[in-house]
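Reading through the structure tokens given below for one structure.
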Amino acid sequence: MKAIAPLAAVLAVALAGCGGGSTNHPAPGTTTARERPGFSANVTNPWFPLRRGSVYRYRGVKDGKPSREVMTVTDRTRMIDGAPSVVVSDLLYIHGKLEERTSDYYSQDAHGNVWYFGEDTAELDANGKITTREGTWHSGVDGAKPGIFMYAVPRVGQSARQEYLEGQAEDHFEVIATGKSVTVPFRRFGGVLLTKEWTPLEPGVLDHKFYARGIGTVLEQTVEGGDERNELVSFTH
């Protein structure tokens, strides 16, 4: 099993946005046994808090079709590449039918940065049968590496790679504005954080995400290369 890098070294890799393969991989579906010091499944970052039992409901448009999404912060924890990670369930419905189900794994370091350690995803057909698991990745397996999903204190100009598995998971983000206002069905928010996201796997596509302090993502929309939109309808915790 590969050695666990010190936090500073891993952070530097995420900031640099560069990736590479591992020469000593754990078996598929396993994680490294040694725990990363300072990481916790208790994600309290004010811009992306993951309180156990919280339920986020979104509605929008995906590929020109009406969509609905339900994100639930479960009470489960999974050890991924040495980091205890909270399991977040994400269900995507298109035209009222479940099309994709995902389990996302997040962990918070001692400085308050939220890290993304992987996901298990499955796309379903009209009969509810799995058609593909493409997009699944776990940090520490086949050269996959974690990335920063949200900084403890986001500042304009900060950027990082959110995930890395070559050819499958290469999302990046950059903080482009603070103090914005946005209105979604749930309510109007002020003091909102705005980021842009992109991936070299889909050149020409650019997304904007709006984060409200104390809640998390309230609006996501494609601003270049598509017309997807996802807005918060309700939030309970």
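The residue of segment 145-158 that is farthest from Y116 (Cα to Cα), among those that are of a type in the set (A, V, I, L, M, F, W, C) and out of contact with any Ser or Thr (no Cβ under 8 Å at 6 or more places or on another chain), is V153. Enumerate the pairs (first residue in segment 113-139 and closer than 18 Å to E166 by Cβ; second residue anywhere and surrounded by fewer than 20 Cβ atoms within 10 Å (Cβ to Cβ) and among the small types (G, A, S)) with beta-carbon separation below 6 Å, excluding pairs fewer than 6 apart on the same chain, so at least 6 apart or on different chains. Partner pairs satisfying both residue conditions: T121/G135; R133/A122. For R68, the criteria (1) basic (K, R); (2) open to solvent by less than 70 Å² (accessible area, probe 1.4 Å); (3) under 20 Å from H237 (Cβ atoms) hold in every case but one, which is (2). The test for being within 23 Å of T195 (Cβ to Cβ), surrounded by fewer than 15 Cβ atoms within 10 Å (Cβ to Cβ) and modelled with pLDDT of 95 or more does not hold for T102.
The values are calculated or read from the model by the stated rules, or taken from the named source; none is laboratory data. Every value quoted in this text rests on a predicted model; they were computed, and no experiment measured them. FYI the Cβ positions are ideal-geometry reconstructions off the backbone, even for glycines, and counts take in every protein chain you see. Ligands, DNA and RNA are stripped out before the accessible areas are found, and what is left, the full protein with its side chains, is counted by its heavy atoms. Shrake-Rupley method; radii C 1.70, N 1.55, O 1.52, S 1.80 Å.
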